[in-house]
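I'd like to ask some things about the structure below.
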Amino acid sequence: MLTYFKDFLLNILIILLSLILYPYIYKLRERRHYRRFLFYFFFAAAIVLTMSFPIEIHGTIHDLRAVPLAIGTLYSGPIVSLGLFVTVIGCRAVTGLPNFWTYAVSILPAFIIGLFLHAPFRRFSFMSRVGVTILYSAMIKFLTLSLYFLQTDSIATMFASPKAMLNTYTLQALVAAGCVYMLEFLKRHHRLQDEVVRTEKMQIVSDIAASVAHEIRNPLTTVRGFIQLFGTADLSLQKKADYMKLCLEELDRAEQIIADYLSLAKPDPDPDRIETIELNEEILYLSNVLLTYANYNNIRIEVELPRDGRLCAKGDRYKLRQALINIGKNAIEAMPGGGTLELRAEKRLGVSAVTIRDTGVGMTEEQIRRLGSPYYSTKEKGTGLGTMVSFSIIKKMNGRIEVTSNPGRGTEFSLMFPNS
């Protein structure tokens with residue numbers, strides 16, 4: 001048996017190679033005609049190559065053409081099957097083997113049987129598919145050879161070495177079983193992948209719907225309550241002014257939540273707005289924007305810029321500003337008792353780096369790991385969308401984000417961009 005395995009090893013490798021490419025065919029299941037063509041192409045190539053490297057055993061030529069022929073017929077249907085059988089007959093004609101029409105007539109019953117097997121084969125269980133493929137591949141070989149030798153009056157040649165014939169059929173059965181197992185495994189694997197992707201998409205839609213409802217309902221409920229208070233007769237002008245201010249603040253918060261969701265839906269920069277950004281200028285811009293907010297929270301801003309050389313990055317300037325402001329505001333809000341916000345730009349090995357460091361409450365390793373995930377925030381009223389959008393913007397600029405933090409000792413965000 002091992003001797004025959006060695007002799008047929010090239011045939012086996014040819015067949016397995018055609019099956020390794022099956023995942024590419026599976027991904028084209030929506031394009032039926034193209035998928036059928038590729039299915040035919042790979043199995044026809046396997047048939048031609050196996051027929052090109054046959055093994056002679058006691059005057060009879062053997063190869064494993066029946067395996068790709070059986071699998072292609074059972075898995076692909078009549079059109080591909082017809083093409084594969086024609087390929088077998090055509091390959092025999094090209095190689096110049098005798099009795100061309102005799103062989104064509106001999107293989108015809110195997111083709112007809114395959115047509116009847118295809119439809120029920122699709123409903124079979126895994127083990128049934130393995131068994132049917134083994135039997136059908138053996139039937140192709142045995143039936144074709146029997147009819148051929150009967151017509152050429154040389155049936156004795158077929159049974160000249162029963163042991164060799166049995167070993168050949170056993171090896172063919174093992175190869176056929178292995179191929180079916182591989183195909184079914186790959187199909188099951190891709191189906192599970194599709195199911196996981198589908199489930200994740202549904203989960204994302206569900207999370208977004210729930211988050212939108214929750215986040216928007218909070219400010220709207222507040223506004224509704226204050227509007228009802230406006231109806232009271234003894235409400236002073238000062239109270240009305242205070243309530244109106246709170247209503248406007250809550251509506252602004254709702255507008256910001258909607259803006260965050262829209263940014264999340266379309267974080268890609270506009271190609272027409274891609275430019276070379278001077279990072280030193282953006283650090284100065286960020287410090288000016290945050291200055292009032294920082295003073296209000298008793299926070300000092302320190303800016304450190306390199307004196308030599310320009311630090312540049314490629315991207316949308318306004319998207320980058322959005323990301324920097326989001327991270328900067330989060331840093332300020334992480335220092336409720338005041339502190340220092342450090343903004344620094346520097347050139348590191350192969351990258352231009354922007355560092356935003358605070359002396360606030362810090363984060364644990366678990367919080368750092370979840371940072372940037374949908375709907376996760378370390379703030380009591382945060383949605384986490386601002387940070388997620390910021391991370392997405394940086395990554396779209398081919399940037400990298402590193403976060404280091406210690407509880408009670410502050411957090412440092414390092415945004416690194418390829419030198420431009």
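The values are calculated or read from the model by the stated rules, or taken from the named source; none is laboratory data. Because the structure is predicted, anything quoted here is derived from the model rather than measured. Here Cβ is always computed from backbone atoms with ideal geometry, including for glycine, and neighbour counts include all displayed protein chains. Heads up: the accessible areas ignore ligands, DNA and RNA and are worked out on the full protein's heavy atoms, side chains in. Shrake-Rupley method; radii C 1.70, N 1.55, O 1.52, S 1.80 Å.
Might you check whether a residue that is surrounded by fewer than 18 Cβ atoms within 10 Å (Cβ to Cβ) and modelled with pLDDT of 85 or more occurs anywhere in segment 65-80?
Checking segment 65-80: at least one residue is surrounded by fewer than 18 Cβ atoms within 10 Å (Cβ to Cβ) and modelled with pLDDT of 85 or more.
Output the number of the condition that residue 55 fails; it satisfies all remaining conditions of (1) in contact with a helix residue (DSSP H, G or I) (Cβ under 7 Å, 6 or more places away or on another chain); (2) modelled with pLDDT of 85 or more; (3) among the hydrophobic types (A, V, I, L, M, F, W, C).
Of (1) in contact with a helix residue (DSSP H, G or I) (Cβ under 7 Å, 6 or more places away or on another chain); (2) modelled with pLDDT of 85 or more; (3) among the hydrophobic types (A, V, I, L, M, F, W, C), only one is false for residue 55: (2).
Name the pairs whose Cβ atoms lie under 8 Å apart, with the first residue in segment 106-132 and under 23 Å from residue 147 (Cα atoms), the second among the aromatic types (Phe, Trp, Tyr) and assigned to a loop (DSSP other than H, G, I, E, B), and 6 or more positions between them or separate chains?
132/124
Taking segment 95-127 only, how many residues are out of contact with any helix residue (DSSP H, G or I) (no Cβ under 8 Å at 6 or more places or on another chain) and open to solvent by less than 50 Å² (accessible area, probe 1.4 Å)?
Residues meeting the conditions: 1.
Can you work out which of the residues in segment 369-420 that are at pLDDT below 80 and among the aromatic types (Phe, Trp, Tyr) is nearest to residue 356 (Cα to Cα)?
That would be 376.
A further question on this structure: Please state which of the following conditions residue 158 fails to meet, knowing it meets all the rest: (1) modelled with pLDDT under 85; (2) more than 25 Å from residue 131 (Cα to Cα); (3) surrounded by 14 or more Cβ atoms within 10 Å (Cβ to Cβ).
(2)
Of all residues in segment 287-316, which are within 33 Å of the chain's Cα centre (by Cα) and open to solvent by 50 Å² or more (accessible area, probe 1.4 Å)?
314
Among (1) closer than 20 Å to residue 306 by Cα; (2) in contact with a Gly (Cβ under 6 Å, 6 or more places away or on another chain); (3) not basic (Lys, Arg), which single condition is residue 334 missing?
Looking at each condition in turn, residue 334 falls short on (1).
Quick check, is residue 339 surrounded by fewer than 22 Cβ atoms within 10 Å (Cβ to Cβ) and either of a type in the set (Val, Ile, Thr) or more than 17 Å from residue 414 (Cα to Cα) (or both)?
Yes; evaluated as a whole, the condition is true for this residue.
Sticking with this one: All but one of (1) open to solvent by 10 Å² or more (accessible area, probe 1.4 Å); (2) out of contact with any Pro (no Cβ under 6 Å at 6 or more places or on another chain) hold for residue 319, so report the exception by its number.
Status for residue 319: all satisfied but (2).
Kindly establish whether residue 96 is assigned by the TED database to the domain that holds residue 173 and at pLDDT 90 or above.
No; evaluated as a whole, the condition is false for this residue.
Here's something else I'd like to know. So in segment 214-268, with the set limited to residues that are among the aliphatic types (A, V, I, L, M) and modelled with pLDDT under 75, which one is surrounded by the most Cβ atoms within 10 Å (Cβ to Cβ)?
Filtering segment 214-268 for residues that are among the aliphatic types (A, V, I, L, M) and modelled with pLDDT under 75, the one surrounded by the most Cβ atoms within 10 Å (Cβ to Cβ) comes out as 257.
Does any residue of segment 84-92 turn out to be in a loop (DSSP other than H, G, I, E, B) and open to solvent by 30 Å² or more (accessible area, probe 1.4 Å)?
no
Looking at segment 36-52, which of its residues are among the aromatic types (Phe, Trp, Tyr) and either modelled with pLDDT of 90 or more or open to solvent by 50 Å² or more (accessible area, probe 1.4 Å) (or both)?
37, 40, 41
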